[in-house]
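For reference, the structure is listed below as structure tokens.
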């Protein structure tokens, strides 16, 4: 019997994709460290770690919500509550203090109103049609899912389109940003957040036991120790813990939580400039931070750099697992779902002040009420999206992120 290496190839060979990912990662980190700053290089590496964790733990927001909506299975949702609980415990004291390891820090605290409700709702539909959320789109595309490249392209297009209409959405009724940390203080804010996480987890347990008589167990794996760490799969809870810790590392290095989708709008704007369409006159790109990003080098944009890292980290993880094998034979309806889903994802994320990472994960970890509103609206949108999926996916199609 031939020997199988950690990269999943016989005869001691290492998959070329492993060397490509490692080589690009090394070049990227060195180039960013010399051309930008060591901090940007460190955030690129953190992005790579995010990609590896997301892939090996198969930590999907989209599939977790769909499994609960469609089948009453709540293991993925409970893992998200673990992730949020750890993040809140780490974030709230730092945000209350205003600094972390000497770095000034602030959270993602955004207005609560119609833009969040509408944006998160259509994002939820897009999650189920596109086959992934913001993080899911990046890590599955990096892992070799060709269909998710289509979702990513139209995610970028949708993000850019939303910046055209951004002033109209911002004129709609909203309340001022509300921070749990500022309103109640860090200790009480943590207690209240933990109570809500416990309620959500308890509801998933009750529903799952009522429908199935017991809780779903993780699939057994023969890999243990270093082999499992390198090749996966990781337990969902391990992924939850790792994602919370990496988000805290992002807060320490970047001074704010992990985000993804602002970079998609920036990439779309840069591309529009390249083809002769100037977006700088649009309201969104006249905001100071956005104007600076548009005028600057894309490799100076923290979110973009971390996204590049996520893609490479997922590429490395899939190559180590021996699963990097892009398939470009995609059914037409699945392509259509990717296009529609990507547009909804991009548009919804911009007007809702973020995606499942920036608004849901980062917003709740920041103590922002808009993060909770985002969760409710996006879950409602996902419920509709799940009902729409049979039109696009015969037999529910491929496994999504």
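General remarks:
- For segment 231-281, residues that are more than 24 Å from residue 152 (Cα to Cα), assigned to a loop (DSSP other than H, G, I, E, B) and modelled with pLDDT under 95 total 4.
- Some residue of segment 292-309 being touching a helix residue (DSSP H, G or I) at 6+ places or on another chain (Cβ under 9 Å), at positive phi and surrounded by fewer than 23 Cβ atoms within 10 Å (Cβ to Cβ): no
- Taken over segment 282-291, the criterion of being surrounded by fewer than 15 Cβ atoms within 10 Å (Cβ to Cβ) and in contact with a helix residue (DSSP H, G or I) (Cβ under 8 Å, 6 or more places away or on another chain) is satisfied by 286, 291.
- Only one entry in 136, 144, 126 is out of contact with any strand residue (DSSP E or B) (no Cβ under 7 Å at 6 or more places or on another chain) and on the phi > 0 side of the Ramachandran plot, namely 144.
- Set 345, 316: member being surrounded by 23 or more Cβ atoms within 10 Å (Cβ to Cβ), over 15 Å from the mean Cα position of the chain (by Cα) and assigned to a helix (DSSP H, G or I): 316
- Taken together, the criteria exclude residue 28 from residues that are surrounded by fewer than 22 Cβ atoms within 10 Å (Cβ to Cβ) and free of Cβ contacts under 8 Å to residues at least 40 places away in the same chain.
- Filter result (farther than 15 Å from residue 256 by Cβ, part of a helix (DSSP H, G or I) and either in contact with a strand residue (DSSP E or B) (Cβ under 7 Å, 6 or more places away or on another chain) or touching a residue at least 12 places away in the same chain (Cβ under 8 Å) (or both)) within segment 282-294: 283, 284, 285, 294
- Exactly one residue out of 181, 199, 207, 153 is part of a helix (DSSP H, G or I), under 27 Å from residue 365 (Cα atoms), touching a residue at least 40 places away in the same chain (Cβ under 8 Å) and under 24 Å from the mean Cα position of the chain (by Cα), and it is 181.
- Failed item in (1) out of contact with any strand residue (DSSP E or B) (no Cβ under 8 Å at 6 or more places or on another chain); (2) at pLDDT below 95, with residue 35 passing the rest: (2)
- Here 117, 129, 90 are screened, and the one residue that is touching a residue at least 12 places away in the same chain (Cβ under 8 Å), touching a helix residue (DSSP H, G or I) at 6+ places or on another chain (Cβ under 8 Å), in a helix (DSSP H, G or I) and crowded, with 24+ Cβ neighbours inside 10 Å is 129.
- Qualifying position, being in a loop (DSSP other than H, G, I, E, B) and buried (at least 21 other Cβ atoms within 10 Å of the Cβ), among 353, 328: 353
- If you go through segment 331-342 and keep only what is in a helix (DSSP H, G or I) and surrounded by fewer than 24 Cβ atoms within 10 Å (Cβ to Cβ), you end up with 332, 333, 334, 335, 336, 339, 340.
- Identity of the residue in segment 257-281, more than 23 Å from residue 46 (Cα to Cα) and in contact (Cβ under 8 Å) with a residue 24 or more places away in the chain, that ends up surrounded by the most Cβ atoms within 10 Å (Cβ to Cβ): 269
- Residue match in segment 189-196 (condition: part of a helix (DSSP H, G or I), over 30 Å from residue 313 (Cβ atoms) and in contact with a strand residue (DSSP E or B) (Cβ under 9 Å, 6 or more places away or on another chain)): yes
The values are calculated or read from the model by the stated rules, or taken from the named source; none is laboratory data. Keep in mind it's a predicted model, so treat the numbers as computed, not measured. Heads up, the Cβs are rebuilt from the backbone with ideal geometry, glycines too, and the neighbour counts pull from every protein chain shown.
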